[in-house]
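Let me begin by presenting the structure, written as structure tokens, before commenting on it.
Nothing in this text is a laboratory measurement; each read-out follows from the coordinates by a stated rule. No experiment lies behind these values; they were computed from the predicted model shown. Cβ placement follows ideal geometry from the backbone for every residue including glycine, while neighbour counts extend to all protein chains displayed.
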Amino acid sequence: MSLSVSARTWSLALLSVAWLAQPVFGAEKLDLTKLPPAVTRAVDFARDIQPILESRCQKCHGPEKQKGGWRVDVKDAAMTGGDEHAPNIVPGKSAESPMIQFIGGLDEDMKMPAKGDPLSAEQIGLLRAWIDQGAVWPESAGKPKRDPLDWWSLKPIVRPTVPGPGNPIDAFVRAKLAEKNLSPSSEADARTLCRRLYFDLTGLPPTPEEMDAFAADTSPGAYERLVDKLLASPRYGERWARHWLDVVHYGDTHGYDKDKPRPNAWPYRDYVIRAFNEDKPYARFVEEQIAGDVLFPNTRDGIEALGFIAAGPWDYIGHSEVPETKVDGKIARHLDRDDMVANTIGTFCSVTVHCAQCHNHKFDPITQEDYYSLQADFAALDRTDRKYYRDDATNARFRELQRRQQQVESQLAELEKPLQEKAGEAFAALTHKIDGASSVAAKKQGNTSPDFGYHSAISQTQDATKWVEVDLGKHVGINYVTLRPCYDDFNAVGAGFGFPVRFKVEASDDPEFKTGVMLLWRRHDETFMNDFKNPGLQPFTTGGAKDDGIGGRYVRVTATKLAPRKNDFIFALAELQVFDAAGNNVAQGKAVTAFDSIEAPPRWRKMNLTDGIAPVAASADEKEKLVQERDALLLSFADDETKAKRAALLAEKSRVSDDLKKLPPPSVVYAGGIHTGTGAFRGTGPDGGKPRPIFVLARGQVTQPGKEAVPGALSALSFEPARFALAPDAPEGDRRAGARALAIGQAESAHVAKHREPRLAVSFRARFGDDAE
């Protein structure tokens with residue numbers, strides 16, 4: 001029998017419908033009894049289901065990726081979507097829902113999740129119950145996610161209505177107790193209240209006499225008078241400053257493995273105590289600690305408060321022994337700035353920012369760009385010992401004398417400029433001799449070239465290691481070692497040519513210095529952490545040996561940071577002298593070896609290091625003669641009026657200098673200070689240079705810098721603007737303007753109660769007062 005075309009078409013259609021109606025993936029063969037049972041309680045989507053979908057499903061079926069054409073973060077897509085087996089969720093029928101079959105592991109080829117641990121029986125049971133109960137998905141759960149920067153803690157504070165009379169705190173406590181059907185404790189008796197006040201405000205117990213006096217005082221205002229008395233006690237500041245110092249992780253030592261003491265850290269501690277005792281406005285307290293040097297320059301509190309920036313741990317080795325050009329040095333300085341940033345934001349915003357070094361913060365509204373903008377605020381700073389005057393009158397006198405000194409020097413330079421131009425090269429030559437404070441005298445009679453010495457090969461990097469050593473011929477007890485600098489006009493260096501910026505002096509009986517090495521001296525300025533300044537022609541001598549056992553056959557000088565020239569770096573010495581206990585130079589005439597040497601005889605060669613020849617510094621009389629000669633040269637081009645003006649300015653300069661010498665010695669505080677060119681980096685201080693750049697680091701790696709960061713604040717705190725304007729050629733000190741803006745923003749947010757700051761500051765409101773002025 002043949003079928004008509006119409007009949008065949010309907011037969012195929014019915015067959016297709018019948019086939020499509022069968023369970024997907026041969027579900028009739030799946031053992032549904034292996035599925036964990038559904039939980040028996042009522043299931044809430046937001047509480048029970050959405051967390052499972054977000055944590056276990058959305059990585060493959062979310063906004064960024066939709067495997068199989070299915071996503072579970074949007075209601076419509078979750079209930080109807082899927083390329084091959086939609087719908088994956090069949091309301092009321094969890095066992096027939098492909099989603100449950102897949103997460104239950106019934107189909108070996110379709111297990112979900114594809115990677116990682118399977119869902120627990122409890123999680124599957126919750127999903128089954130949710131589907132069996134109708135797969136209710138509230139419309140609110142399908143709305144777009146909130147702005148990650150829209151945090152309740154960053155919203156303006158709304159003053160609540162006080163729910164009763166009396167002290168507002170008591171009123172809120174009573175209201176909450178009533179809500180819980182609880183009764184307040186009975187009022188404390190006078191003695192208990194007295195002890196509480198003393199311990200809370202001063203940390204000390206009252207004396208028996210003080211307790212008796214308070215208990216006997218039944219007049220109105222007795223409690224308030226005792227509070228005022230304790231707030232006026234010096235012990236109050238000492239007690240409450242401890243809490244603040246804990247917050248800012250203040251320490252009297254550096255921490256890390258060296259843990260060296262900070263003998264000048266205590267002025268910051270005393271500043272905090274004084275701030276509490278003087279009831280300093282909180283906004284001012286914030287501003288002084290972040291940017292006191294720019295907001296309140298040349299004031300005692302403005303300088304001492306910067307101890308906040310230097311309060312945390314500091315890697316002595318990473319900063320004083322490793323140059324900033326090396327990876328370890330970069331890491332140390334990155335971590336140092338991280339401490340400054342984290343301490344500032346943690347203290348004043350109660351937010352942790354460490355995570356944003358590597359990526360946008362996962363749980364706080366902080367971007368990686370925000371983090372490095374904060375680092376840029378502190379890029380101009382290093383920890384240092386800052387000199388200042390505590391007494392206002394002395395400080396004012398010092399500033400006035402300093403201003404007058406600069407004014408006189410400026411006027412003198414302007415007056416002498418045309419005279420110097422007329423004097424030409426003769427003036428320049430005399431000035432160079434005076435600045436070098438050197439002569440061409442030699443220690444060995446008959447020598448006509450005192451600048452003979454050792455000269456290393458030229459290096460293009462300053463942190464290249466160079467060494468030179470002398471073989472004494474036998475083990476010798478060493479009392480001290482003297483290094484004599486060279487003199488060379490090359491690159492207009494003059495006295496101190498090639499003298500290393502950082503170096504160490506060692507002795508050993510091993511010519512390769514692998515065993516038995518005795519450290520005689522190493523250059524670290526433990527107070528200021530600066531490099532060794534050019535000594536001119538003044539010889540450098542190690543301290544006398546404290547141990548009779550100090551000695552060796554070989555003495556080596558290792559330069560770990562080379563002397564800079566115009567375009568390269570070198571290591572040079574005129575003479576290496578080793579003295580025994582009797583005062584004899586046992587190194588003279590001995591053999592010399594070196595890491596490298598230019599060997600350009602007769603001027604430069606290793607053997608010159610122990611030949612007893614070295615340039616010596618000019619005497620004071622010789623230097624004065626040079627100054628007089630230069631002055632006479634200048635005056636030969638001056639008229640009578642110019643001579644009179646110059647004489648008056650020189651007299652004024654001398655008077656100012658004498659007055660400066662009469663001032664008492666300044667105080668010193670360990671605090672944040674403008675970076676002025678120490679280490680391998682040359683800042684904008686006396687050494688010149690460009691601002692230290694800060695880059696957004698990929699995954700926080702100093703070896704993977706990205707775009708340069710702009711000084712700024714956390715975008716979520718709604719600073720206006722979040723990035724602070726800074727010209728590309730701005731001097732490094734101007735980066736403190738970023739800290740200035742940050743400080744003002746933090747203080748204003750505390751004052752006007754806009755952001756997170758007041759939530760942190762509420763505990764200190766009674767301590768610092770309400771006024772931000």
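Shown in residue order for region 69-80 are the 3J(HN,Hα) couplings computed by the Karplus curve 6.51 cos²θ - 1.76 cosθ + 1.60 at θ = phi - 60°: x, 10, 9, 10, 9, 10, 4, 4, 5, 5, 7, 10 Hz (x for Gly and Pro).
Length gained on full extension, Q460 to K422, computed as 0.36 nm times the residue gap minus the Cα-Cα distance: 9.9 nm. In this rough spin-label picture, where each label sits 7 Å from Cα along the Cβ direction, the A429-K514 distance is 5.4 nm.
Values of log10 I(q)/I(0) for region 237-345 across q = 0.11, 0.13, 0.21, 0.22 Å⁻¹ run -0.38, -0.52, -1.14, -1.20, by the Debye formula with one identical scatterer at each alpha carbon and no solvent.
Applying 1/(1 + (r/R0)^6) with r as the Cβ-Cβ distance of Q405 and R565 and R0 = 35 angstrom yields a FRET efficiency of 0.65.
With a Förster radius of 45 Å applied to the beta-carbon distance between D259 and H359, the computed FRET efficiency rounds to 0.90.
Multiply the residue gap between F637 and R655 by 0.36 nm, knock off their C-alpha separation, and tell me the result in nm, one decimal place.
Net length gain for the segment: 3.9 nm.
Take 255-268, 69-82 and order them by the average number of nearby Cβ atoms within 10 Å per residue, most first; the result is 69-82, 255-268. Using the Cα coordinates of region 554-611, the gyration tensor eigenvalues translate into equivalent-ellipsoid semi-axes of 24, 14, 10 Å, sorted from longest to shortest.
Could you rank the peptides 279-285, 232-238, 349-355, 554-560 by their average count of other C-beta atoms within 10 Å per residue, with the highest value first?
Highest to lowest by the protection proxy: 554-560, 279-285, 349-355, 232-238.
Taking 28 Å as the cut-off for C-alpha to C-alpha distance, list the pairs among K280/K387; K258/K504; K258/K466; K623/K653; K258/K326; K566/K590 that go past it. K566/K590, as the Cα separations exceed 28 Å there.
Dipole of region 29-142 computed with +1 at Lys/Arg Cβ and -1 at Asp/Glu Cβ about the Cα centre; of W137, L106, G116, farthest Cα towards the positive end is G116.
Region 291-309 and region 551-594 have Cα centres spaced 44 Å apart. Listed peptides 83-93, 184-194 appear in the order 83-93, 184-194 once ranked by packing, highest mean of other Cβ atoms within 10 Å at the front.
Please compute one quarter of the surface area of the Cα convex hull for region 453-522 and express it in square nanometres.
Mean projected area for region 453-522: 5.8 nm², to one decimal.
For the pair R225 and K180, label points projected 7 Å from Cα toward Cβ lie 3.7 nm apart. Subtracting the Cα-Cα distance of V668 and S233 from 0.36 nm times their residue separation leaves 153.9 nm of extension gain. Comparing Cα centroids, region 325-381 and region 636-678 end up 40 angstrom apart.
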